[in-house]
2 protein chains.
Amino acid sequence: MSKKELTQGITAKKSDDFSEWYTQIIQKAELIEYTDVSGCLVFRPYSYQIWEKIQEFMNTIMKGMGVRNAYFPLLIPEKLLIKEADHVEGFTPEVAWVTHSGDTELKEKLAVRPTSETIMYESYKKWIRSHRDLPLLINQWCNIVRWEFKNPVPFLRTREFLWQEGHNVFATKSEMDTNTRLILESLYEKTQRELLAIPGLLGIKSEKEKFAGADYSISIENYFPSGRAIQGCTSHGLGQNFSKAFDITYIDENEKKQFAWQNSWGFSTRTIGIMIGVHSDDKGLVLPPNVAPTQIVIVPILFEKTKSETLKKCDEIKKMLKGYDVIIDDRDEYKPGYKFNDWELKGVPLRIEVGPKDIEKKQVVMSKRNTGEKVFVKEKDIKKTADKLLVDIQKELLVAAEKQLKNAIVKTESWSDFKKAIKNKKIVFSPWCEDSECEELIKHETGGAKTLNMPFDQKTLKNKKCPKCSKEAKVMCYFGKSY
Amino acid sequence: MSKKELTQGITAKKSDDFSEWYTQIIQKAELIEYTDVSGCLVFRPYSYQIWEKIQEFMNTIMKGMGVRNAYFPLLIPEKLLIKEADHVEGFTPEVAWVTHSGDTELKEKLAVRPTSETIMYESYKKWIRSHRDLPLLINQWCNIVRWEFKNPVPFLRTREFLWQEGHNVFATKSEMDTNTRLILESLYEKTQRELLAIPGLLGIKSEKEKFAGADYSISIENYFPSGRAIQGCTSHGLGQNFSKAFDITYIDENEKKQFAWQNSWGFSTRTIGIMIGVHSDDKGLVLPPNVAPTQIVIVPILFEKTKSETLKKCDEIKKMLKGYDVIIDDRDEYKPGYKFNDWELKGVPLRIEVGPKDIEKKQVVMSKRNTGEKVFVKEKDIKKTADKLLVDIQKELLVAAEKQLKNAIVKTESWSDFKKAIKNKKIVFSPWCEDSECEELIKHETGGAKTLNMPFDQKTLKNKKCPKCSKEAKVMCYFGKSY
């Protein structure tokens, strides 16, 4: 297989065979490479650059919040992992265990971190003495291993993934609650919307679906155009569950010993997959300008006679576009049409074509990746127009994604409509009794629809019934099949 | 133990009990926390911020070299790890093996990466087809596990550490050689000298000490003031050893299939430890301004009557110092003297004292952490003087470290002087026969002195003999006990 064959277009259609389409995009746009270990994938430079942009964006927000980055060990002794009862129950089935070093069996087996509460809080215990040491706000960027046996889907569900996990400690419950929500809204929703142009549904997870060891979890649920929901990111109010298990206490202003209040929160490379699925099309990847590694590609239309003049003009134009990552595709071996396809496949938001006739007319052609729209732009207006078009593209992608999400939601109070909607790959928004047994029945009878979350702002429900059990509904809740 | 006790000064002297001094510094300056797993340590925010500064500095240089960041899986199947014979022999004794997921035994055990050649090159094989795909220049920042049984030393030798590993592929040997050397000089030496103010000895490792699987290794060897040498970082010319084991080939311009030439190169959190050891003193940490998380601390001298005025002045001064990370230590509970000690312990390069008398005189006191030197500075000159002092400190630290290194080296051709020097915790620079058996004897008879490396520029050796075996010397070589 030559390079040329590799980078030819996507042969599957998003609307016909989403799964094949997604698999082709992530490989042909050079985002992912598979390895011999199922569920462990390579983040190629093009996807890793996207992750670096996410890190940069989130680091800036976190720094403003007073959160500091640190790094805790990968390997967690079994005795720490099992300290919090619910936590261990939730995580041990999918823990990868290190049992040997070289040929020697270890005295105690070590978990490859499936999440870092336990290893971090063992240190927190030593660092927190007084109310003056609070709040303690620490984040780490790291790799995580969860040896799931469900079918892996690149980015969305992999056995190893990259994430940030924040672990904050407070003196009071109300500070914890406020911060848990702040993380979801001011860090996660902001990153999803402003950087990645993805809308989501914010709310509280059910008791059954909350994080193992938390008092409650709140989440952003996203829609993936395969027809499933997906938990985008979460923020967990841990209450005092871990502070009691790990003896994290502080002396308050009245010299009394108190258990601390904690939260933990995570955002992973999963979101890259969501972004790919939401925006991309049959031509390939579509990247929001704010997160695209390359915002603008300049494709010269090369003829033997005018080649050097055309390339010189491309250099001039690149210089005008300071502040953007710009590539000039001056490859000799490919025709412009091939290059157009290639950069469309790679999702570069804006293309500028420069040919000898354009140079004569002191103009260029700009083409928007998301809409295919082409405009002639006078040379003197290049920077201004590029600025505007890139802002437009970013906005348009969010608007389109919002429409997509809205269209995916069916609001109903009827059980037959509920089931039909799930079958039609929709998210259902419905009244619910909040009963865990009913939740289990709904899942069973719909072939797997779970509660996603319950919006924070619940309007008073008058005479609403749970469509499944017909008992009085307590909340409005989103349901759907989910990754 | 209260916060106050924790942050009191270092009680050991660097010259008397280096090991205790080092252990106290890394804990009291809040750089490291120990965990229950020997050799697996927490990088607390203060040391992780230093690592982030190193990453930023190196990323900029690498980007300029055309190197792109990526991320490859943590877990390497045994069958990949054993593909290159020398490589497996070097690394398997210290590999941490994942053998189980949950309660289930895996069909094939997985190595927690001790280095990533094998997992990366399995992908490289798929990506490289034509000479047009070369050079391929890829780096990853990641965690590494090597289950060594030597006594762990924080930063210097730990079972888990953080590093970057670069893996480049070229069409020809000469490109590989040039790049392998370029990495050592333009990336590693530059980072050590310009960012961390550490000098080092550049050269070629002996056959015995080279990387397992490489044709040759080149290194920077540093001096650690405990009286030992330490390999700071390495760049390995892998030749075609891995390309042949992993079938990494390309079609050249004459349509012929060729095996590629590769190098790999790594720089780790070890260097943070070297920096701490080299610069710090009996008062605590000393950080070079270019890598210090906080460059300047402003300590107000607070009296009840003038408090608000003094704090206002501190804010004004902070605003003048744009571009620096500045902290105003306005803690009420501590006296200025305590704060001075505290920030000296933390190694902040420049302290500014602001008291009511200074304000009257429109001046401040600036104090350099490295020398203790104090100067009165007129308010209007604050920015200019701070700029100058910080540049001075950076330079002075490098000059002092160069002197330290120079004083640690004994050049000799006599075997008795050689042994005496090693006993006196020196690095020996001596002629050498390059014989591996002789190398082993030297190690044995000196209680552990290894070859460090051999400088690139070797002057012609006339009638020089190897001090150990008295055979004709082929090279000048550095020897020393090493971490």
Is there any pair linking a residue in segment A:390-417 that is at negative phi and open to solvent by less than 70 Å² (accessible area, probe 1.4 Å) to one that is assigned to a helix (DSSP H, G or I) and of a type outside the set (D, E, K, R), with Cβ under 6 Å and at least six apart or on different chains, and which?
A:Leu397/A:His279; A:Ala401/A:Val278; A:Val410/A:Ala421; A:Thr412/A:Phe418
Considering only residues that are facing another protein chain (nearest Cβ under 8 Å), part of a strand (DSSP E or B) and not hydroxyl-bearing (Ser, Thr, Tyr), which ones fall in segment A:96-105?
A:Ala96, A:Trp97, A:Val98, A:His100
Count - residues of segment A:259-291 that are among the aliphatic types (A, V, I, L, M) and either more than 15 Å from the chain's Cα centre (by Cα) or at pLDDT below 95 (or both):
3
Could you look through segment A:244-262, keep only residues that are assigned to a strand (DSSP E or B) and hydrophobic (A, V, I, L, M, F, W, C), and pick out the one that is farthest from A:Glu402 (Cα to Cα)?
A:Ile251
Answer yes or no: is there a residue in segment B:314-321 that is touching a Ser or Thr at 6+ places or on another chain (Cβ under 7 Å) and acidic (Asp, Glu).
no
Can you tell me which of (1) farther than 17 Å from B:Trp127 by Cβ; (2) open to solvent by less than 30 Å² (accessible area, probe 1.4 Å); (3) facing chain B (nearest Cβ under 8 Å); (4) modelled with pLDDT of 95 or more is the one A:Val67 doesn't meet?
(3)
Of the conditions (1) over 15 Å from A:Thr412 (Cα atoms); (2) buried (at least 17 other Cβ atoms within 10 Å of the Cβ), A:Thr460 satisfies every one except a single condition; which number is it?
(2)
Any idea which residue in segment B:148-158 is farthest from the other protein chains (Cβ to nearest Cβ), counting only those that are open to solvent by 10 Å² or more (accessible area, probe 1.4 Å) and assigned to a loop (DSSP other than H, G, I, E, B)?
B:Asn151
Every residue from segment B:321-333 that is of a type outside the set (Val, Ile, Thr) and surrounded by 16 or more Cβ atoms within 10 Å (Cβ to Cβ)
B:Leu321, B:Tyr324, B:Asp329
Given B:Lys244, B:Lys256, which one is touching a strand residue (DSSP E or B) at 6+ places or on another chain (Cβ under 6 Å), farther than 17 Å from B:Glu221 by Cα and of a type in the set (Lys, Arg)?
B:Lys244
So, in segment B:418-433, how many residues would count as being open to solvent by 50 Å² or more (accessible area, probe 1.4 Å) and not basic (Lys, Arg)?
1
If I ask for residues that are in contact (Cβ under 8 Å) with a residue 60 or more places away in the chain and open to solvent by less than 30 Å² (accessible area, probe 1.4 Å), which ones from segment B:131-146 would you list?
B:Asp133, B:Leu134, B:Leu137, B:Ile138, B:Asn139, B:Gln140, B:Trp141, B:Cys142, B:Asn143, B:Ile144
Residues of segment A:133-163 being modelled with pLDDT under 95 and farther than 20 Å from A:Ser482 by Cα, which ones?
none
From the list B:Thr294, B:Thr310, which one is under 17 Å from B:Trp51 (Cβ atoms), among the β-branched types (Val, Ile, Thr) and open to solvent by less than 40 Å² (accessible area, probe 1.4 Å)?
B:Thr294
Can you tell me how many residues in segment A:10-60 are away from every other protein chain (no Cβ under 14 Å), assigned to a helix (DSSP H, G or I) and surrounded by fewer than 22 Cβ atoms within 10 Å (Cβ to Cβ)?
6
Filter segment B:106-136 down to the residues that are within 11 Å of another protein chain (Cβ to nearest Cβ) and among the β-branched types (Val, Ile, Thr) and list them by number.
B:Val112, B:Thr118, B:Ile119, B:Ile128
Within 22 Å of the chain's Cα centre (by Cα), more than 9 Å from every other protein chain (Cβ to nearest Cβ) and open to solvent by less than 20 Å² (accessible area, probe 1.4 Å): is that true of B:Phe91 in this structure?
yes
Looking at A:Phe303 and the list (1) open to solvent by 40 Å² or more (accessible area, probe 1.4 Å); (2) under 24 Å from A:Asn370 (Cα atoms), which single condition is not satisfied?
(2)
Is one or more of the residues making up segment A:74-86 in contact (Cβ under 8 Å) with a residue 40 or more places away in the chain, under 25 Å from the mean Cα position of the chain (by Cα) and open to solvent by 10 Å² or more (accessible area, probe 1.4 Å)?
no
Subset of segment A:94-109 [at negative phi and either open to solvent by less than 10 Å² (accessible area, probe 1.4 Å) or without any contact (Cβ under 8 Å) to a residue 24 or more places away in the chain (or both)]:
A:Val95, A:Ala96, A:Trp97, A:Val98, A:Thr99, A:His100, A:Ser101, A:Asp103, A:Thr104, A:Glu105, A:Leu106, A:Lys107
Output yes when any residue across segment A:341-358 is open to solvent by 50 Å² or more (accessible area, probe 1.4 Å) and either within 34 Å of the chain's Cα centre (by Cα) or in the same structural domain as A:Gly9 (by TED's automatic domain parsing) (or both), and no when none is.
yes
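The values are calculated or read from the model by the stated rules, or taken from the named source; none is laboratory data. Quick caveat: nothing in here was measured; it's all calculated off a predicted structure. Every residue, glycine among them, receives a Cβ derived from its backbone with ideal geometry; neighbour counts consider all protein chains shown. Only protein heavy atoms, including side chains, enter the accessible area calculation; ligands, DNA and RNA are left aside. Shrake-Rupley method; radii C 1.70, N 1.55, O 1.52, S 1.80 Å.
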